[in-house]
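**Student:** Handing you this structure, nothing more for now.
The values are calculated or read from the model by the stated rules, or taken from the named source; none is laboratory data. Since this is a predicted model, take the numbers as computed values, not measurements. Heads up, the Cβs are rebuilt from the backbone with ideal geometry, glycines too, and the neighbour counts pull from every protein chain shown. Accessible surface is based on the protein model in full, side chains and every heavy atom, while ligands, DNA and RNA are left aside. Shrake-Rupley method; radii C 1.70, N 1.55, O 1.52, S 1.80 Å.
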Amino acid sequence: MKQDALASRSQPQTYGVASQAEWPESVRSFWESGEPERFGVSGDSGERVHYMRRLPDNEGQAGVEVFSRELGGVSMEQLSTQVRETRRLVDAMDAQDLRRGFTLTLLVLLGAAWVISLIPLLVIAHRVSRPIEGLTAALTDFAGGNWSKRLETAAKSGAGPRDEVGRAIDAFNHMADQLQDSRERLVHLTRMATWQSLARKTAHELKNSLTPIRLTVEEMHARHPAAEPAFMDQAVQIVVSEIESLERRVRAFSEFASEPVVYPEDLDINSAVNERIALLRRVHPEVTYRLQLDPAAPRAHAPLDLVNGILTNLLQNAAEAAGAVGSVFVQTRGERGRVLIDVHDSGPGLSDDVSATLFEPTITFKKDGMGLGLSIAKKNALLSGGDITLIPGELGGAAFRVSLPA
């Protein structure tokens, strides 16, 4: 329209200043605005376009030229509305895309944070569940008869600090140790009860037979004529000596079969060990004794006579096994509510077969032994609330550990 107006290819409608009072409102508004030109629309829905421009003030010809053109059925208002709605939709889509992008970014960040936080949770859960699974499996094995099953704690392996699971594992190991010890003690006491019953019967029968034999031999010696007195004296001496040997065995069996009354008391274990060592030095002066006594002076709750008998038996055996140029090492210490006494000797040691039957009665590997010393010591330790076990020796020979309640 503008190019046609400039080229005078279209005819305008002219509004002179003289008739300004009759101008349409749109023309008057354009004139008063001072603009050089303006486009506008008219009609019910803006289907006609106007191009207005000022006329130069030349010889009183000032005014406004208005060029008009039909749009061929196109409604400018409708077009403007559509453009405006399109812009609104574009702006809404942009805002929606922005919100969608923000939401997607937020979800990605939340997902990344969840994954990052899940990794340490999985690590912690694995560290917690693994020892619990091990504890459950150990309980199952222990209930199935595997009494040697134990678990390694985190503090012992250096994997981390002690926690509730670590304390539960410690409690399981302690419980397993106590149950195994109790089971072994029960088995030993059951076997000892059988041997005690046999010992009582054997001692009774031997005593009943030995008494009339001794009396008869002595009567024979008194009534025999004086002929060959030397032979008779020798024969009687041999018979009486063998009877006395049998009587000592009967007394040993009687002691083994007896059930002494137990009166526990507060004992200074270091003093008891020193006293027993002082007595044995006189009998075995050639043996070297080395003591490592706990400076805390642990005290045991056990019968004094039974403890002295246990120490005498173990120290006597150690001195005899060590020999004339051997040594005996004794150590005491307190540990987890128990008082431990370890006795080591430098003797030849014990084989696996000997160790398996060491505490059974009537089993001896010494020339003049009765085979009941260790059995009686084991029984007395059990009656005192403790035990005697075989441990690895530090001097190359045998070693025993006495455990007593603190």
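**Student:** Could you please report the charge total around Asp141, scoring K, R as +1 and D, E as -1 over all other residues with beta-carbon less than 12 angstrom from its beta-carbon?
**Tutor:** Local net charge: +2.
**Student:** Cut-off under 18 Å on the C-alpha distance; same-chain residues fewer than 8 positions from Lys149 excluded. Which aspartates and glutamates are left, in chain and number order?
**Tutor:** Within reach: Glu133, Asp141, Asp170, Asp177, Asp181, Glu184.
**Student:** Mind giving me the FRET efficiency for Asp266 and Arg167? R0 is 25 Å, r the Cβ-Cβ distance, nearest 0.05 is fine.
**Tutor:** On the way: r = 31 Å, r/R0 = 1.25.
Working from the Cβ atoms, E equals 0.20.
**Student:** Another question about this same structure. Can you give me the long-range amide H partners of Ala302? Hydrogens built in the peptide plane at 1.01 Å from N, cutoff under 5 Å, separation of 5 or more residues or another chain.
**Tutor:** Amide H to amide H, under 5 Å and 5 or more residues apart or across chains, Ala302 pairs with Glu265, Leu267.
**Student:** Ok, one more. Say each of Val83 and Ala7 gets a label point 7 Å from the Cα, pointing the same way as Cα to Cβ; how far apart are those two points in nm?
**Tutor:** Reported label-point gap for Val83 and Ala7 is 2.4 nm.
**Student:** Quick one: dipole size for region 270-406, taken about the Cα centre, charges +1 on Lys/Arg Cβ and -1 on Asp/Glu Cβ, in debye to the nearest 20. Provide the component values of the computation, followed by the final result.
**Tutor:** Details: 13 positive and 14 negative charges, 70 e Å.
The dipole magnitude comes to about 340 debye.
**Student:** What FRET efficiency do you get for Arg28 and Phe102 if R0 is 56 Å and r is their Cβ-Cβ distance, rounded to the nearest 0.05? Please list the in-between numbers first.
**Tutor:** Working: r = 51 Å, r/R0 = 0.91.
Taking R0 as 56 Å, the efficiency between Arg28 and Phe102 is 0.65.
**Student:** Per residue of region 341-349, what does 6.51 cos²θ - 1.76 cosθ + 1.60 with θ = phi - 60° give for ³J(HN,Hα)? Whole Hz please, x for Gly and Pro, Karplus curve as stated.
**Tutor:** Each residue of region 341-349 in turn: 10, 9, 10, 10, 10, 9, x, x, x Hz.
**Student:** Run the accessible area of region 39-136 with a 1.4 Å probe and give the carbon-and-sulfur part as a rounded percent. Can you show the working numbers first?
**Tutor:** On the way: 4750 of 7380 Å².
The C+S portion of the solvent-accessible surface of region 39-136 is 64 percent.
**Student:** Between Val240 and Glu286, what is the label-to-label distance in nm when each label sits 7 Å out along the Cα-to-Cβ direction?
**Tutor:** For Val240 paired with Glu286, the spin-label model returns 3.2 nm.
**Student:** Beyond 12 Å, how much of the Cα-Cα pair distribution for region 293-350 remains, as a whole percent? Provide the component values of the computation, followed by the final result.
**Tutor:** Working: 1161 of 1653 pairs.
When all Cα pairs of region 293-350 are counted, 70 percent exceed 12 Å.
**Student:** For region 275-341, state which GluC sites (Glu not before Pro) are in a DSSP loop and have at most 11 other beta carbons lying within 10 Å of their beta carbon.
**Tutor:** Values: sites: Glu275, Glu286, Glu320, Glu335; in loops: Glu286.
Hits after loop and neighbour filter: Glu286.
**Student:** How large is ³J(HN,Hα) for each residue in region 301-309, as worked out from phi by the Karplus curve 6.51 cos²θ - 1.76 cosθ + 1.60 (θ = phi - 60°), to whole Hz, x for Gly and Pro?
**Tutor:** Rounded to whole hertz, the list is 10, 7, x, 5, 5, 5, 5, 4, x.
**Student:** Summing +1 for each Lys or Arg and -1 for each Asp or Glu, what net charge is found among the other residues whose Cβ lies under 13 Å from the Cβ of Arg290? Please report the intermediate quantities before stating the final value.
**Tutor:** Details: positive: Arg281; negative: Asp342, Asp345, Glu394.
Around Arg290, the surrounding residues sum to -2.
**Student:** Now for a separate question. Could you check how much of the accessible area of region 266-331 is carbon and sulfur, as a whole percent, using a 1.4 Å probe?
**Tutor:** 54 percent
**Student:** Would you please name the chymotrypsin sites (Phe, Trp or Tyr not before Pro) within region 1-70 that are DSSP coil residues with at most 10 other C-beta atoms within 10 Å of their C-beta?
**Tutor:** Details: sites: Tyr15, Phe30, Trp31, Phe39, Tyr51, Phe67; in loops: none.
When the chymotrypsin sites (Phe, Trp or Tyr not before Pro) of region 1-70 are filtered for loop state and at most 10 Cβ neighbours within 10 Å, nothing remains.
**Student:** No solvent, one uniform scatterer per C-alpha: report log10 I(q)/I(0) for region 1-141 via the Debye equation at q = 0.12 1/Å, two decimals.
**Tutor:** Evaluating at q = 0.12 Å⁻¹ gives log10 I(q)/I(0) of -0.74.
**Student:** Out of the GluC sites (Glu not before Pro) in region 43-117, which ones are loop residues according to DSSP with at most 14 other C-beta atoms within 10 Å? Provide the component values of the computation, followed by the final result.
**Tutor:** Details: sites: Glu47, Glu59, Glu65, Glu70, Glu77, Glu85; in loops: Glu47, Glu59.
Counting only loop positions with at most 14 other Cβ atoms within 10 Å, the GluC sites (Glu not before Pro) in region 43-117 are Glu59.
**Student:** Then there's this: Provide the per residue accessible area, probe 1.4 Å, for region 1-115, rounded to a whole number of square angstrom. Write down the numbers at each step before the final one.
**Tutor:** Details: 8340 Å² over 115 residues.
Counting only protein heavy atoms, the per-residue value for region 1-115 is 73 Å².
**Student:** For a quick check: with amide H placed at 1.01 Å from N, whose amide H comes under 5 Å from Glu47's, ignoring anything fewer than 5 positions away on the same chain?
**Tutor:** Ser42, Met76
**Student:** Check Tyr289: other-chain or 5+ apart residues with amide H under 5 Å from its amide H, H built from backbone geometry?
**Tutor:** Sorted by chain and number, the residues that satisfy this are Val328.
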